[in-house]
Amino acid sequence: LQRDIAVGGSSKDVTVFFSDIRGFTAFSENRSPEEVVVMLNEYFAIMVKIINKHGGIVDKFIGDAIMAVWGTPKASPHDTENALNACLEMRKALADFNDRRLRKKLPVIKIGMGLHTGKVISGTIGSDERMEYTVIGDTVNIASRMESSGEVGKVNISGSTYELVKEKFHCIHRGKIQAKNKGEIDMYFIERS
């Protein structure tokens, strides 16, 4: 981080991940704030542990959403593969999490997941009073679109991510989605490694 901390940052190739809980607003409206926080903390603890295990960095939490990145501040040739393996493990961990919730007669949680690989500016943004290390660029926006346009329970990936992992993962072409100022982008989902 010390090498990558300059304001303005540097250009890097990364894989960006987004997930969010579908129907979270309705879930929150019918429960106490304490119950919502307990569920979120348990859910985040599971997911963050998996992201860290596979070499990712949690960039931020946005309400019930997680944004993570592979490839910065340190890159490896296996970043995209590691990101997909993390997603597959998260999907399994979510099923186990939901089994425990069902046994307690609690509602299950459904999430969307999306990945996109491309260039970002990696570094710090903010003011003298508050700085944040993050990644900025269209790659982030497209990763978010992969998540929001994708199928619940699937690991939804862009064409650029697919090209890097197609030999190692069984991928199904889902079609094209419209991305702002980018035209149509191929979307795939991962069945298994």
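At-a-glance table
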item	result
Per residue solvent-accessible surface (Å²) - the stretch 62-129, probe of 1.4 Å	48 Å²
The stretch 52-110 - percent of accessible surface contributed by carbon and sulfur, probe 1.4 Å	57 percent
Accessible area expressed per residue, the stretch 150-193, with surrounding protein chains retained (probe 1.4 Å, Å²)	58 Å²
For the stretch 19-27, 3J(HN,Hα) per residue [Karplus equation, 6.51 cos²θ - 1.76 cosθ + 1.60, θ = phi - 60°, Hz, x = Gly/Pro]	9, 8, 7, 6, x, 5, 4, 5, 4
Dipole of the stretch 31-133 [Lys/Arg +1, Asp/Glu -1 at C-beta], most positive-end residue of Y43, T124, L102	L102
Anisotropy class of the chain from Cα gyration tensor, a/c 1.5 cut	oblate
Karplus-derived HN-Hα couplings along the stretch 11-16 (A = 6.51, B = -1.76, C = 1.60, θ = phi - 60°), whole Hz, x at Gly and Pro	7, 9, 8, 9, 10, 9
Order of exposure, largest accessible area first, which applies to I172, I50 with probe 1.4 Å	I172, I50
Max mean-square fluctuation residue, GNM over the chain, Cα-Cα springs under 10 Å, options N85, N156, N41	N41
The stretch 1-141 - charge dipole about Cα centre, Lys and Arg +1 at Cβ, Asp and Glu -1, debye rounded to 20	560 debye
Portion, in percent, of the accessible area of the stretch 119-181 that falls on carbon or sulfur, probe 1.4 Å	49 percent
Accessible area in the full protein assembly, largest first, 1.4 Å probe, for L84, L164	L164, L84
With all protein chains modelled, accessible area of K182 [1.4 Å, Å²]	100 Å²
Most fluctuating residue given options V140, V165, V155, as computed from a GNM of the chain linking Cα atoms under 10 Å	V165
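The values are calculated or read from the model by the stated rules, or taken from the named source; none is laboratory data. Not measured: the values here are computed from a predicted model. Note that we place each Cβ from the backbone using ideal geometry, even for glycine, and neighbour counts take in every protein chain shown. Keep in mind that these areas ignore ligands, DNA and RNA; they rest on the heavy atoms of the full protein, side chains included. Shrake-Rupley method; radii C 1.70, N 1.55, O 1.52, S 1.80 Å.
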